[in-house]
1. When you scan the range A:215-224, do you find a residue that is without any contact (Cβ under 8 Å) to a residue 40 or more places away in the chain and in contact with a strand residue (DSSP E or B) (Cβ under 6 Å, 6 or more places away or on another chain), even just one?
2. Please indicate, with yes or no, whether at least one residue in the range B:176-186 is in contact with a strand residue (DSSP E or B) (Cβ under 8 Å, 6 or more places away or on another chain) and modelled with pLDDT of 90 or more.
3. B:A160 - would you say it is touching a residue at least 60 places away in the same chain (Cβ under 8 Å), among the hydrophobic types (A, V, I, L, M, F, W, C) and assigned to a loop (DSSP other than H, G, I, E, B)?
4. Let me spell it out: the conditions are (1) among the β-branched types (V, I, T); (2) free of Cβ contacts under 8 Å to residues at least 40 places away in the same chain; (3) within 13 Å of chain A (Cβ to nearest Cβ); (4) over 25 Å from B:Y26 (Cβ atoms), and B:T137 meets all of them except one. Which number is the exception?
5. How many residues, within the range B:94-129, are over 14 Å from B:R152 (Cα atoms) and either outside the structural domain of B:R152 (by TED's automatic domain parsing) or outside any loop (DSSP other than H, G, I, E, B) (or both)?
6. Given the criteria part of a loop (DSSP other than H, G, I, E, B), within 14 Å of chain A (Cβ to nearest Cβ) and β-branched (V, I, T), does B:I62 qualify?
7. If you scan the range B:77-93, which residues turn out to be part of a loop (DSSP other than H, G, I, E, B) and either in contact with a Gly (Cβ under 7 Å, 6 or more places away or on another chain) or crowded, with 24+ Cβ neighbours inside 10 Å (or both)?
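The values are calculated or read from the model by the stated rules, or taken from the named source; none is laboratory data. None of the values given here were measured: they were computed from a predicted structure. Glycine gets a Cβ as well: all are built from the backbone with ideal geometry, and neighbour counts include every protein chain shown.
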Amino acid sequence: MTVAAEGSPPLRMAGARRNPLLQSEAVQGFALISPTFVYALILLVLPILVVIAHSFWTQNYLTIDHTFTLENYRIALTEPIYRDLLWRSLYISLTVSLLTVLLAYPIAYFISFHGGRHKSLWLFLITIPFWTSYLLRVMSWKVILGYNGVLNSGLMGLGIISEPSDALLYNSTAVIITLTHAWATFAILPIFVSLEKVDRTLVEAATDLGDGPLRSFLRVTLPLSVPGVISAALIVMIPTVGDYVTPKLVGGKDGVMIANAIQAQFGKASNWPLGAALSVTTMIIVSLMAGATVLVIRALQRLAR
Amino acid sequence: MLERVQSERMQSDRTMIDIRDVTRSYGSFKALDNASLAIREGEFFSLLGPSGCGKTTLLRMIAGFDTPTSGSIAVDGQPMDGIPANRRPTNMVFQSYAIFPHLNVEQNVAYGLKRLKLDAGEEKRRVEEALAQVSLTGLGKRRATELSGGQRQRVALARALVMRPKVLLLDEPLSALDKKLREQMQVELRRLQQAVGITFVLVTHDQYEALAMSDRIAVMFGGRIAQVASPKEIYQRPVNRQVADFLGGMNFVKAEIVEENGASLVLDTLGFGRVRTDKPKAFMRNGGAATLGIRPERLRVLWDNASAKFEVAGKVVERHYFGEITHLIVEIPGLEKPLSVTETNDFGADDIPVGAPIRLAYDPEALVAMAD
C-alpha cells in the first residue's frame, strides 16, 4: 500500500483532491437535484426574468420599446379595473382557502382519529376526483349550478324556490364553490399528516387533567396541527389567486379574476409589458398575503394558549 | 409543608380504591380476569408483573381510559361506572410523560388548573409549589422540548400533583430513565408520596422498584392477581413459584408433605432433610408434593471449622464475580439442581476455587413452603 503510494505520488494527490469533492455531502446533494434544478432554471426562473424585464418596457404597436419605465406599474396599481380585479382575486382566494381549510379539517380529523384500519382506503377515496380532468370537474359544476341545473331543479322540486335562480352560476360565488371543491384534497392531505403526528397520549393527558373532548381538541390537537393548517392554507391560496380556467368557465363577467386580465394583455390586447407588470404585481402581493396568513395563524395559535 | 406532612402520615385503613371482580375481555382474551383489590388511603401501592399481565389495563380502568367488561371500581367510596376520565378524582403520570410540546413548563403544570378558574395569584402559587415539590423551581419558563428525560418526568409529576388528586396513578414512570437516575427517583418518589400523603398507584415490571418504594404490592400474572402483601412478605413468603421467581433468584427444592396442620408444615427433602416451616396463608395442598424455596443470599458459606445448627455440604461448580458479591453455584448430593448462593466478598468468597468442597449454613426461618 505504502509502496504503491510512494511509487505514484501525483496520481495519489489527484485522487485525494478529487475524492473529497465527490464525496462531500453538499456536492452529492447538488448532483442529486441538478436535473430538476436545471429544468426549473430553464422553465421557471428564465421565463420569470423575461416577464420582469418586459414589465419595465413599453409596447409600441408591433415592436417593444426597451427604455426603462415604471408606467406599466402605475397603470397596474392605479387603473380601477386592474385594482378591482386584483382585489377580487385576493378576496376569492382568501375565501376559498378559508372555506377549504374549514371543510378539510373535519375530514382529515375523521380519517386520522377514527379511520381505524381503513385510513389508506379513505385517503384513496379522496383522490378519486383526480381520476378525471380538472376541466371535466369544472364543467360538471356548470351542470350542477346552471339555470336548468341539478341544484335549481332540486330546489324547485322541493318547492323551496318557484323559479330557477341565476345567482348560482357566472359570478364569484360560483368560482368560490368550484375552487373550494377542486382544492379540498390538497388541504386534507397536509392537515391529515400533521394530525397523524399528534401523540394520542397528549389528548389522554389533557382528558386526565380535566378537559372534555372539545376543550382537549382546542387546547392540544388544534394547536399541534397548526403546521398542517398553514401548509393547507398556503397550498390553496397561492395557486387560486392566479387561477384562470375556473373564472373563465364558471365566473361569467362578474367572476373575472386578475389572471384573465393578464391573459388578455398577452393575447388579444397584445400589450406584453402591461401583462408582465400585472403578473409581477400579483406575484408580490400573493407573497405578502401568504406571509401575512402565516403570521396571523401563528398569532391565533399563541392567543389560544 | 414538609414538616407538617411528615408528622401526620396519612396512611389509614380506609379504602381509597375498591376494585371488585373486575374483568376486561378483548374478544376471547381476558386482559384482566376477575380481579379484586382494596387500595388504602395514603398508601404507596404497586401493581407488579411481567408485560401483558394486565397491570396497565387495571391502571387505565382506574383512570377512566378503559372500561371494565364486568365488575366495578370505586374511588373514595364513589362508584366510577360511567364517569369519564376528565371527571375522576385521579391524575396520571404517563409512561411517555405526555408533556405538551407547545407549552412551557409552567403552562404544562398549570394546564389542569385553567379549568378551575383560580385567580392569577393563587394559580401561580400552586404552580410554584408543585414545581418546588419536584425540585424544578426556576425552570418554569423552559420550553418542553428543552428538557432532559428526568426533568420531563418531574414536570409530568408536578402537572398531576398540582391538581391535588385523591389518587395519583403512575404508569411505569421510571422505565425511560437510566439506572442511576432511576434509583435516585425511586427515593424521591417515595419521599414525595410521604410528603403529600396522596394515594399512589404505581405500575411497574421492575421488582426492585416495587420493593423499594411500596407499602404494599400486588403481583399479577396473566390477568390474575397472584398475591397482595407488603414488599417484605412478598419477597420472603411468596405464595407460589411464579411469584418467588419473579421477585429475584430463588432455589427450588422438591419436597414431600409429611405432616400438615393449621399453622405449620413438615416437609421431607433430599438435600435439607426433614424441615418444619410456617404454612403460608394461601397454601393450597395439591397432592403430597410441595416445593421448598430458599433465596440465594440466605445461604451462608461456612469457613474453616465453623459449624452451624443447620447446614448442607456440597461442591462449588461455578463462580461468578459481581464486584461487591460473588455468585456461587453449589452442587449438593441428592439435589437434582445445584443451589445458587450469593455471598458478600468481605471474607474472600471471590477466592473460593471451583471444585472445592463447601458447607452452607441456613436459617430454617428462611425456608419457604410453596404449593406445587
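1. no
2. no
3. Details: touching a residue at least 60 places away in the same chain (Cβ under 8 Å): yes; among the hydrophobic types (A, V, I, L, M, F, W, C): yes; assigned to a loop (DSSP other than H, G, I, E, B): no.
It is false that B:A160 is touching a residue at least 60 places away in the same chain (Cβ under 8 Å), among the hydrophobic types (A, V, I, L, M, F, W, C) and assigned to a loop (DSSP other than H, G, I, E, B).
4. Going through (1) among the β-branched types (V, I, T); (2) free of Cβ contacts under 8 Å to residues at least 40 places away in the same chain; (3) within 13 Å of chain A (Cβ to nearest Cβ); (4) over 25 Å from B:Y26 (Cβ atoms) one by one, B:T137 breaks only (3).
5. Of the residues in that region, 14 qualify.
6. Spelling it out, it is not the case that B:I62 is part of a loop (DSSP other than H, G, I, E, B), within 14 Å of chain A (Cβ to nearest Cβ) and β-branched (V, I, T).
7. Once the filter is applied, which keeps residues that are part of a loop (DSSP other than H, G, I, E, B) and either in contact with a Gly (Cβ under 7 Å, 6 or more places away or on another chain) or crowded, with 24+ Cβ neighbours inside 10 Å (or both), the range B:77-93 yields B:M80, B:I83, B:P84, B:R88.
Conditions (1) in contact (Cβ under 8 Å) with a residue 12 or more places away in the chain; (2) exposed (fewer than 15 other Cβ atoms within 10 Å of the Cβ); (3) of a type outside the set (S, T, N, Q), marked per residue:
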residue	(1), (2), (3)
A:D84	no, yes, yes
A:S97	yes, no, no
A:G116	no, yes, yes
A:Y134	yes, yes, yes
A:G154	no, yes, yes
A:G159	no, yes, yes
